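Undergrad: Quick one: the structure is below, and I'll ask about it shortly.
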Amino acid sequence: MKDQYGRSIGYMRVSVTDRCNLRCIYCMPAEGVPCVQHGDILTFDEITRLCRIGTEIGISRIKLTGGEPLVRRGLPELLRMIKELPGIEQVTLTTNGILLKEKINELVSNGLDAVNISIDTLEAGEYRRITRGGRLEEALAGMEAALRFPDLRVKLNCVPMQGMPEEGYVRLAELARDRDMDVRFIEMMPIGMGREYGYVSGEQIYRILEDVFGRAEECAGSFGNGPAVYVRFPGFRGKTGFIDAVSHQFCDRCNRVRLTSEGCLKPCLQYGDGTDLRLLLRSGADDGKIREAMYRAVYKKPACHHFGGKTSGASGDGAAAVSEGEEIQQKDETRDMSQIGG
């Protein structure tokens with residue numbers, strides 16, 4: 001379907017848990033965040049029902065996220081349930097990779113189309129610092145395990161931070177030289193703990209890589225669900241991508257909405273408001289009422305975020321629909337990324 005600004009919305013990121021086996025410094029505080037009670041998290045049947053109803057308003061691609069989605073028991077079964085829905089064209093996964101090696105066979109056999117793996121550095125000590133205790137070798141083992149499946153698209157995501165050594169980005173980019181995978185650099189978004197870390201622009205990263213690898217050729221076409229711009233450096237098998245959400249706003253092309261683990265449908269990452277679909281599910285609403293609530297939420301998707309601009313209170317982009325249809329003023333998101341399924 002199209003929202004009020006004429007954008008086609010066909011992609012829904014579905015958070016299956018707020019829990020994570022890492023404590024990345026830009027994602028949550030050292031002590032972690034209060035976990036949502038198990039009964040407040042959507043069940044697999046509830047998630048599948050919302051995905052099915054979503055197909056009726058044009059949702060065809062699903063990304064399973066968290067927290068860390070692989071810490072939720074039985075995730076491959078949820079993947080199968082969603083993949084079998086008529087109208088679903090693609091189900092993908094984003095993960096930190098720690099549990100991927102042991103789960104990848106079952107995920108692929110249940111229909112996984114692509115996986116994004118978050119690794120911000122190839123220096124083991126720095127990785128341990130950023131993740132507050134994570135083991136780089138486990139994440140890399142997950143990456144290599146995924147690469148053994150030739151039909152599975154594999155992408156590595158890095159969030160550059162100010163103060164990190166430039167050679168670290170070069171080492172990460174080099175992973176795409178001899179592998180059929182893409183390495184993407186994502187600007188730090190000022191959400192939750194991310195507000196405490198200055199972002200490094202995609203243009204800065206490109207210049208660093210260009211000095212080492214030479215001028216890249218821009219890749220035409222679409223290579224996923226998101227807004228990344230891809231290039232290929234000379235002699236590379238894989239591509240290098242840049243997602244510049246702060247320095248180069250791409251809201252006019254945004255095609256996504258987000259479903260949190262508690263059942264809140266968020267039209268935009270920046271804003272805290274959304275539509276409480278769990279309330280509708282558990283109060284006995286029929287598919288038609290839920291579909292209408294989802295339609296209203298998608299239609300009223302804000303024109304844009306204001307990353308890099310003022311971040312006080314209301315956005316000025318209108319209001320968000322809630323489950324009973326009343327209008328509320330949009331406020332900036334105050335939760336951490338693990339809590340909202342960024």
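Just so it is clear, none of the values below were taken in a lab; they were calculated from the coordinates. Note that the structure is predicted; figures quoted are calculated from it, not measured. FYI the Cβ positions are ideal-geometry reconstructions off the backbone, even for glycines, and counts take in every protein chain you see.
Undergrad: Relative to the present Cα-Cα distance, how much length would full extension add between residue 177 and residue 203 at 0.36 nm per residue of separation?
TA: 7.3 nm
Undergrad: Under 9 Å from the Cβ of residue 134, count the other residues' Cβ atoms, weight Lys and Arg +1, Asp and Glu -1, and hand me the total.
TA: Details: positive: 23, 128, 132, 135; negative: 138.
Surrounding charge for residue 134 is +3.
Undergrad: Take the chain, connect every pair of alpha-carbon atoms lying under 10 Å apart with a spring to form a Gaussian network, then pick out the residue of 103, 239, 301 with the largest mean-square fluctuation.
TA: Looking only at 103, 239, 301, the biggest GNM fluctuation is shown by 103.
Undergrad: If each of residue 255 and residue 128 carries a label point 7 Å out from its Cα toward its Cβ, how far apart are those two points in nm?
TA: Once both label points are built, they end up 4.2 nm from each other.
Undergrad: Could I ask something else about it? Share of Cα-Cα pairs in the range 149-257 beyond 23 Å, in percent?
TA: 27
Undergrad: Provide, for the chain, the number of lysine pairs with alpha carbons under 13 Å apart, each pair being eight or more places apart or on different chains.
TA: 8
Undergrad: So if we plug the beta-carbon distance of residue 31 and residue 279 into 1/(1 + (r/R0)^6) with R0 = 30 Å, what FRET efficiency do we get, rounded to 0.05? Show your work: numbers first, answer last.
TA: Working: r = 30 Å, r/R0 = 0.99.
Calculated value: 0.50.
Undergrad: Once you place label points 7 Å from the Cα toward the Cβ at residue 292 and residue 1, how far apart are they in nm?
TA: So the label points at residue 292 and residue 1 sit 1.2 nm apart.
Undergrad: Here's a follow-up. Tell me, what is the FRET efficiency for residue 220 and residue 162 to the nearest 0.05, using R0 = 41 angstrom and their Cβ-Cβ distance as r?
TA: 0.80
Undergrad: What do the square roots of 5 times the Cα gyration tensor eigenvalues come to for the range 1-122, in whole Å, largest first, as semi-axes of the equivalent ellipsoid? Show your work: numbers first, answer last.
TA: Details: eigenvalues 122, 61, 48 Å².
Listed largest to smallest, the semi-axes of the range 1-122 are 25, 17, 15 Å.
Undergrad: Okay, moving on. Calculated from DSSP H runs of 4 or more alone, at -39500 (n - 2.57) each and per residue, what is the 222 nm mean residue ellipticity of the chain, nearest 500?
TA: When only DSSP H runs of four or more count, the value is -8000 deg cm²/dmol.
Undergrad: Among the DSSP beta bridges whose two residues both lie in the chain, what percent are antiparallel, rounded to the nearest 5? Don't jump to the answer; show the numbers that get you there.
TA: Numbers: 16 of 46 bridges.
Bridges in the chain are about 35 percent antiparallel.
Undergrad: For the range 78-113 and the range 165-222, write down the distance between their C-alpha centroids in whole Å.
TA: If we compute the Cα centre of each part, the gap is 26 Å.
Undergrad: Have a look at 18, 211, 120 and tell me which one the Gaussian network model of the chain (Cα, springs below 10 Å) gives the largest fluctuation.
TA: 211
Undergrad: Nearest 5 percent is fine: what portion of the DSSP beta bridges confined to the range 99-226 is antiparallel?
TA: 10
Undergrad: What nm distance separates the two modelled labels at residue 170 and residue 247, each placed 7 Å from Cα along Cα→Cβ?
TA: 1.9
Undergrad: Please give the charge dipole size of the chain, origin at the Cα centre, charges +1 on K and R Cβ atoms and -1 on D and E Cβ atoms. Round to the nearest 20 debye.
TA: Dipole about the Cα centre, nearest 20: 340 debye.
Undergrad: Another question, then. List the cysteines of the chain that have no other Cys Cβ closer than 4.7 Å: which are they?
TA: Taking the Cβ cut-off of 4.7 Å, the unpaired cysteines of the chain are 20, 35, 51, 158, 219, 254, 264, 268.
Undergrad: What size of dipole, in debye to the nearest 20, comes out for the range 196-268 about its Cα centre when the only charges are +1 on Lys and Arg C-beta atoms and -1 on Asp and Glu C-beta atoms?
TA: Here the range 196-268 has a charge dipole of around 300 debye.
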